[in-house]
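Notes follow the structure.
The values are calculated or read from the model by the stated rules, or taken from the named source; none is laboratory data. What you are looking at is a predicted structure, and each value in this text was computed from that prediction instead of being measured. Virtual Cβ from ideal backbone geometry, glycine too; neighbours counted across all protein chains shown. Ligands, DNA and RNA are stripped out before the accessible areas are found, and what is left, the full protein with its side chains, is counted by its heavy atoms. Shrake-Rupley method; radii C 1.70, N 1.55, O 1.52, S 1.80 Å.
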Amino acid sequence: MPGERLGLPEVALSPDRHFTCIGLGIAMTERFHERAPPSGAGPEPWCSRPAGSGDRMVGLALRACAALPVILSLSLLGILAEGAWDGAGKLGIPEGGLWPRVLGTLLVSGVALAVAVPLGLLAALFLSELARPAVRRWLKPALELLAGIPTVVYALLAVLVAGPALARVVPGLEVPSALVAGLVLALMLVPTISSLSEDALRAVPRELREAALALGASRLRMLWLVVVPAARPGIVAAVMLAVSRAVGETMIMTYAAGHVPRTGLDPRVAVETLTGYMGGVALGQEPGTSASVFTVGAAVLGLNVLAHAVVLRLGRRSGRWS
Amino acid sequence: MTRGERLRPVSLGPPPRHQRRGRLFAAVCMAVTLLPVLVVAVLLGALVQSGAGLDEPTVVLHHLAEGGAQQLLRSVVGSLWLVSMCACVAVPLGVGAALQLEGPRRPVRSALALNIASLAGVPSVLFGLVGLELFVRALHLGHSMVTAALTLALVVLPIVAVAARSALRAVPDELREAGYALGATPWQVTRQVVLPAALPGILSGTILAIARAFGEAAPLLLVAGMTMSGSSTALGDPRGVLPLHVLALLVEPRTAASAEALVGVVVLLGTLLVLSGWAMHLRHRHERRRDGPWFEDPR
């Protein structure tokens, strides 16, 4: 129903489901608390004062706060799992199927990561190891600023400026297309990767570097054979974050990747991604039911988890310093 | 490595081949680091030049005078209102969760902390779906500003919690122990010792999270029930907030109305610049203070 607001209930979840989520969340959080080391009279072994009523109130409030994220993730899973079924008890598959959209997501985020990961890692190496302090002092904030630019603005840049400019260079490029979306997405991901990887590189102990240099390694070899492998877990975490941002990015995908569900691997034409579908339905540009949007949402989450597993696996292999 | 100090091989005589190669590599790396910054700067410049219709500024001025400026102002106010509501909900809860994770009587941290960290990595659109189900359907709040604010709070909460937690972790345990040794209760230690010491870190993380909420559009798109035809800039309607208002540029590019959206882009980026600059300044000052004599590790 184009033009109509999304969210008119087809099947509203019964309220007791939400209460179940809340109860389960609190119970799970409290379970973790019970497993905390046994305390003596006070809340801390070395705290001599007995807890007053104010302390108890605050403690209760803080425990409620700690339970909140658990409740939230349970609700997220529950809502996605249950919203995906329509009134007739069928899984809400969007028109054109789920598979082309999954492929579209993989294609766009593949393009983005293929550009952003090498650039981000080189940038991290430069900022943490090679740059003079004066250069670093202004280049690092400038790069970090890119990560904070709203994605709406990136979408505007992709459609209005970057797309037409690229179309002049690349033959046969459509303007909403996987390539345009991927390249603009890469601009957003580079600072994400570089700032986390840089922290990991800077945390590598000085002794390791000294040992490598003392053994006669050049600076390049020291970086490549000692510092980068030692920082591998942090780098993997950075790439993981970038993957989940790429898969879940909505505004760029909605406007710059197009709305043509397609299974080809040609990045020059318009495709449709999972998040692009959600955005399209929300904007009323595409037919869709609430069940199909929730199904696609569940697919986004599933893809996210899968991508994390793959990145973790790739990162673990041939770990030199583990 | 300590700040401002670099390790380099001792050089005797003219640079050998491997050093020249190292220099080449450094130059390549610098170019790569500069590339995204320059590209975005050029693209933004081109956007401003093409969209604003700088060749005919009278049209833009006319449109703004006709009421475009008022609409823009309304969307900025709407955004500020939305973000402040969101912050009022998300910041206390996020900091509270972090305090519980890092406070006295710590729960088994790994599971809860892992949960929060993975929530922070969940795409924000999905929180839009949660907001749709929880606030629009279950709580019957409608497509209102409150729904939008609460949904944004869901997005921001894990980010604030992660930032606050790492700030709290950086407070040395000796400070806490000194507090207990003086006979303070856990809450007194938290309020008078731990929170002040961690405040700059918490604050800078919070500011960055709020900056993100200010520009976030995807979950609002789902929750606000946005349709392009029915885009409204009425106060109190989440469809009128700045990030969604800016999308008008995509619908009717290069008209007078798009100039207004373009000014919106500039406002959005300006706000972001101010907020991030503030956060970076706080973090920088905090790092310097932590490295100074006050927080020196006694060992």
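Descriptive notes on the structure:
- A:V170 contributes about 40 Å² of solvent-accessible surface, heavy atoms of the protein only, 1.4 Å probe.
- The A and B chains share an interface that buries close to 9000 Å² of accessible area, total over both sides, probe 1.4 Å.
- Here the simple spin-label model places points 7 Å from the Cα toward Cβ, and for A:V310 and B:L80 these points are separated by 4.5 nm.
- Legend: residues A:S53, A:S195, A:S109, B:S84, sorted from most to least accessible area (1.4 Å probe; ligands, DNA and RNA excluded), read A:S53, B:S84, A:S195, A:S109.
- Top of A:V228, A:V190, A:V271 by mean-square fluctuation, Gaussian network on chain A, Cα under 10 Å: A:V228
- Directionally averaged projected area (convex hull, Cα atoms, chain A), nm²: 23.8
- Within chain A, the selection of entire DSSP H helices by a Cα span of 20 Å or greater along the long axis and an average Kyte-Doolittle value of at least 0.5 returns A:53-83, A:99-125, A:178-202, A:232-248, A:290-316.
- Calculated FRET efficiency, A:A134 to B:E174, Cβ-Cβ distance, R0 = 51 Å: about 0.90 to the nearest 0.05.
- Between A:S53 and A:L215, the contour length at 0.36 nm per residue exceeds the alpha carbon distance by 52.1 nm.
- Highest-first arrangement of B:171-182, B:125-136, where packing means the average Cβ count within 10 Å: B:125-136, B:171-182
- Of the listed residues B:H281, A:H18, the order by accessible area with a 1.4 Å probe, largest first, is B:H281, A:H18.
- Once the Cα-Cα distance is subtracted from the 0.36 nm per residue extended length, the A:E82 to A:V260 segment shows a gain of 61.3 nm.
- In Å², nearest 10: area of A:D266 left accessible to a 1.4 Å probe: 60
- Rounded to the nearest 500, the 222 nm mean residue ellipticity of chain A from helices alone is -21000 deg cm²/dmol, with -39,500 (n - 2.57) taken per DSSP H run of at least 4 residues.
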